[in-house]
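*Asks:* Quick one: the structure is below, and I'll ask about it shortly.
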Amino acid sequence: MGREEKNWKTRLCKGVLGVLFCVIIWSYTGREVFPGGNLFGMLIIFYCALIGGNLLHLIKIPLVPPLPPLLGMLLAGFILRNTPVLRDYIYINQSWSSNLRNTALTIILVRAGLGLDPQALQKLKGVCLRLSMGPCCVEACSAAVFSHFIMKFPWKWGFLLGFVLGAVSPAVVVPSMLLLQEQGYGVKKGIPTVLIAASSFDDILAITGFNTFLTITYSSGPVYWIIIMSFFEIILGVSAGIIIGYFLRYFPSSDQHIVAWKRAFLLMGTSIVAVIGSNRIGLHAAGGLAAIVLTFVSAIQWDHEKVKVQKIIAGTWQIFQPLLFGLVGAEVSVANLESNTIGICVGTLSLSLLARIFVTFLLVCFAGFSFKEKIFVALAWIPKATVQAVLGPLALEAGRSKNLTHLEVYAKNVMTMAFLAILITAPNGALLIGLVGPKVLSLDKPEEAGEIIS
């Protein structure tokens with residue numbers, strides 16, 4: 001009886017604290033916490049996306065790997081947007097959604113920078129460089145060509161779309177490859193290590209290419225001047241990243257209390273300033289590069305502390321992931337979609353993917369892999385999710401901020417393509433990795449696996 005009374009009091013206390021928290025938020029924000037307010041919309045999207053992700057994760061199909069939760073988050077946002085009663089009460093203005101997406105992009109860049117292992121890259125640099133650069137560039141060029149002739153995109157918009165589609169998703173590839181690695185599949189030849197390392201580089205290239213073409217697309221000056229400024233932004237971003245990275249490598253010093261938390265905060269803080277601050281002053285390409293470089297340079301000598309920092313940053317991603325995919329799903333309206341547009345988008349996406357798969361297979365021909373392993377690597381390089389969720393709506397936001405309404409049709413098609421790319425490739429890519437991997441990769445001995453992994 002005493003325990004039941006204690007539990008009742010605990011629940012009552014939690015309820016009172018929850019109500020008090022809501023009242024405090026209302027005191028600060030006013031109508032923002034009520035239906036139609038930004039904070040209300042953000043919370044509804046967050047919790048619905050979280051529930052959608054967890055529900056999808058609970059679906060267990062015999063002999064089939066689990067589906068990525070991000071798909072459930074995406075569908076939750078899509079349902080909220082296209083349910084007549086709900087959409088009238090859920091609203092997030094452009095400024096809020098833009099800042100949330102840019103913060104999510106910053107977390108992706110920081111995690112990519114922390115995920116780069118200098119030793120693994122030195123050992124597998126040839127394969128990593130080929131896998132990270134070749135497929136992304138080929139898919140970007142293929143998408144540009146196909147979208148130009150099939151969707152009637154201008155060339156600038158075609159390449160912008162290409163770099164949105166060109167990135168592989170670490171959110172799908174990394175967990176799937178880690179699962180195979182733990183089971184001992186393909187570790188002797190370093191296949192999981194190669195794919196995990198190359199996925200970060202692939203994202204960096206896609207984001208840099210996208211930012212460059214975003215600047216070119218929305219700039220009105222001469223083309224040669226835009227290209228010069230793009231190179232200037234790249235040099236500026238890399239230089240700033242190296243300088244800040246060297247500073248953060250030694251500050252705070254490793255003998256301080258809770259140094260991992262301080263380093264994580266400084267990494268996130270400087271990276272957010274780099275990404276969002278550079279957008280404020282019109283240097284779109286510089287911020288993302290600076291965030292990647294400063295993270296990589298600063299973490300080189302952190303040793304075991306690097307793992308702790310990675311866990312802290314991963315915790316922040318667990319908060320922003322539902323918001324990111326929920327917001328992307330909520331941007332897509334069924335009323336604005338035409339069957340003819342969907343068919344053209346799927347056709348363009350499919351042709352670009354075929355080009356990517358073919359080139360990926362060719363690029364690993366001299367890496368010492370068997371024929372089946374080459375096919376697996378090519379198929380594992382299909383999934384798209386996180387980068388598409390971040391970059392897809394950015395072109396539309398940029399156009400709206402500059403009042404260039406005549407370009408909205410292209411920007412909306414880019415966003416639709418990003419949505420369809422996630423919807424089609426994320427679950428299918430995860431299933432292909434989980435089903436094909438154990439059948440075509442060699443099962444190595446535990447001691448061999450441990451030796452390679454370390």
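The values are calculated or read from the model by the stated rules, or taken from the named source; none is laboratory data. Since this is a predicted model, take the numbers as computed values, not measurements. Note: ideal-geometry Cβ built from the backbone for every residue, glycine included; neighbour counts use all protein chains shown.
*Asks:* What is the number of the single condition among (1) buried (at least 18 other Cβ atoms within 10 Å of the Cβ); (2) in a helix (DSSP H, G or I) that Leu354 does not meet?
*Replies:* Status for Leu354: all satisfied but (1).
*Asks:* If you don't mind, another one. Looking only at segment 254-280, count every residue that is farther than 16 Å from Leu394 by Cβ, buried (at least 16 other Cβ atoms within 10 Å of the Cβ) and of a type in the set (S, T, N, Q) and tell me the total.
*Replies:* 2
*Asks:* Within the group Gly52, Gly41, which residue is assigned to a helix (DSSP H, G or I), modelled with pLDDT of 85 or more and surrounded by 19 or more Cβ atoms within 10 Å (Cβ to Cβ)? Break it down stepwise before answering.
*Replies:* On the way: Gly41 fails: modelled with pLDDT of 85 or more.
Sole residue among the options that is assigned to a helix (DSSP H, G or I), modelled with pLDDT of 85 or more and surrounded by 19 or more Cβ atoms within 10 Å (Cβ to Cβ): Gly52.
*Asks:* Name every residue in segment 322-337 that is in contact with a Leu (Cβ under 7 Å, 6 or more places away or on another chain) and either without any contact (Cβ under 8 Å) to a residue 12 or more places away in the chain or crowded, with 24+ Cβ neighbours inside 10 Å (or both), in order of residue number.
*Replies:* Pro322, Phe325, Leu327, Val328, Gly329, Ala330 - these are the residues of segment 322-337 that are in contact with a Leu (Cβ under 7 Å, 6 or more places away or on another chain) and either without any contact (Cβ under 8 Å) to a residue 12 or more places away in the chain or crowded, with 24+ Cβ neighbours inside 10 Å (or both).
*Asks:* Limited to segment 69-85, what total is found for residues that are closer than 17 Å to Ile319 by Cα, out of contact with any Phe, Trp or Tyr (no Cβ under 7 Å at 6 or more places or on another chain) and not small (Gly, Ala, Ser)?
*Replies:* 2
*Asks:* For segment 108-122, which positions are of a type in the set (D, E, K, R), part of a helix (DSSP H, G or I) and modelled with pLDDT under 80?
*Replies:* The first filter runs over segment 108-122 and keeps only residues of a type in the set (D, E, K, R), leaving 111, 117.
Retained after the next criterion (residues that are part of a helix (DSSP H, G or I)): 111.
None - no residue of segment 108-122 is of a type in the set (D, E, K, R), part of a helix (DSSP H, G or I) and modelled with pLDDT under 80, so the list stays empty.
*Asks:* Cβ-Cβ distance below 6 Å, separation of 6 or more or different chains: which pairs start in segment 76-101 with a residue that is of a type in the set (Val, Ile, Thr) and end on one that is modelled with pLDDT of 75 or more?
*Replies:* Ile90/Gly41; Ile90/Ile44; Ile90/Leu80; Ile92/Asn38; Ile92/Gly41; Ile92/Met42
*Asks:* What about Arg400, is it in a helix (DSSP H, G or I), basic (Lys, Arg) and within 19 Å of Asn102 (Cα to Cα)?
*Replies:* Taking the combined requirement at face value, the residue satisfies it.
*Asks:* Let me ask something additional. For segment 123-141, which residues satisfy the criterion of being surrounded by fewer than 23 Cβ atoms within 10 Å (Cβ to Cβ) and at pLDDT 90 or above?
*Replies:* Within segment 123-141, Cys137, Val138, Cys141 qualify.
*Asks:* Right, something else. What residue, of Ala171, Ala143, is of a type outside the set (S, T, N, Q) and either more than 21 Å from Phe46 (Cα to Cα) or touching a strand residue (DSSP E or B) at 6+ places or on another chain (Cβ under 9 Å) (or both)?
*Replies:* Exactly one of Ala171, Ala143 is of a type outside the set (S, T, N, Q) and either more than 21 Å from Phe46 (Cα to Cα) or touching a strand residue (DSSP E or B) at 6+ places or on another chain (Cβ under 9 Å) (or both), namely Ala143.
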